[in-house]
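K.L.:
Dropping the structure in here first, questions after.
Please treat every number below as a calculation from the coordinates, not as lab data. Since this is a predicted model, take the numbers as computed values, not measurements. Cβ sites come from the backbone with ideal geometry, for glycine too, and all protein chains shown count toward neighbours.
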Amino acid sequence: MRKTTTTLFGLLLTVGLLISCAESDAGITTSVKMRLAADDTVKAYQIDVDTKDRVVSLSGTVETQVAKEQAVKVARETSGVVSVMDNLTINTTVPTTGVGEAAGRAGEILGDARMTSAVKTKLLADASVGGLKIDVDTKDGIVTLNGTVRSEAEQTQALKLARETDGVKQVVDRLTLRP
């Protein structure tokens with residue numbers, strides 16, 4: 001019974017942290033990335049998401065106007081977003097990858113989105129880390145942490161949590177120390 005209560009408390013704490021961070025820039029970025037990864041029209045594309053003052057910037061390349069419009073729509077409809085800057089480009093060349101390669105690429109991108117979400121959840125759940133001030137980006141299994149931390153101990157813990165996440169190949173530290 002105690003283990004069930006502890007597990008339930010941990011789950012509720014994580015959900016509460018995710019909800020509370022939803023309106024922060026880092027939380028908005030994470031929410032947009034997760035929604036893009038879940039959307040059937042745009043999930044196969046690598047779209048970079050950055051948020052500053054609740055304004056989301058989308059950049060990267062998609063193959064159709066429909067995918068571009070859907071990515072912007074998904075970002076606009078995310079809670080906390082006040083506006084979206086569309087810096088997406090449409091690749092007008094005919095793709096040279098085969099169906100198998102394209103499916104593999106889509107799987108990698110979905111894996112990256114899952115890793116981003118998993119790392120962000122760990123950062124938010126750890127009381128010694130200010131997860132709201134850390135942005136997480138993942139590309140090809142390489143996780144980049146951007147943002148500010150209050151101490152070297154917090155930085156070390158954030159990097160450790162990211163490295164210990166399943167599927168992470170490497171962690172790039174772009175954290176800034178601001179006591």
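K.L.:
Separation between the Ser151 and Val172 pseudo-spin-labels, each 7 Å from Cα along Cα→Cβ, expressed in nm?
P.N.:
2.9
K.L.:
Residue-wise, which Karplus ³J(HN,Hα) couplings in Hz belong to region 74-87, taking 6.51 cos²θ - 1.76 cosθ + 1.60, θ = phi - 60°, and x for glycine or proline?
P.N.:
4, 5, 4, 7, 7, 4, x, 7, 9, 6, 10, 9, 8, 10
K.L.:
Moving on to the next point. Using θ = phi - 60° and the Karplus curve 6.51 cos²θ - 1.76 cosθ + 1.60, what whole-Hz ³J(HN,Hα) does each residue of region 113-123 get, with Gly and Pro shown as x?
P.N.:
In residue order, the calculated couplings are 5, 5, 5, 4, 5, 5, 5, 4, 4, 4, 5 Hz.
K.L.:
Applying a 10 Å radius around every beta-carbon, put 168-179, 112-123 in order of their mean neighbour count, most first.
P.N.:
Per-residue Cβ counts within 10 Å, averaged per peptide and sorted highest first, yield 112-123, 168-179.
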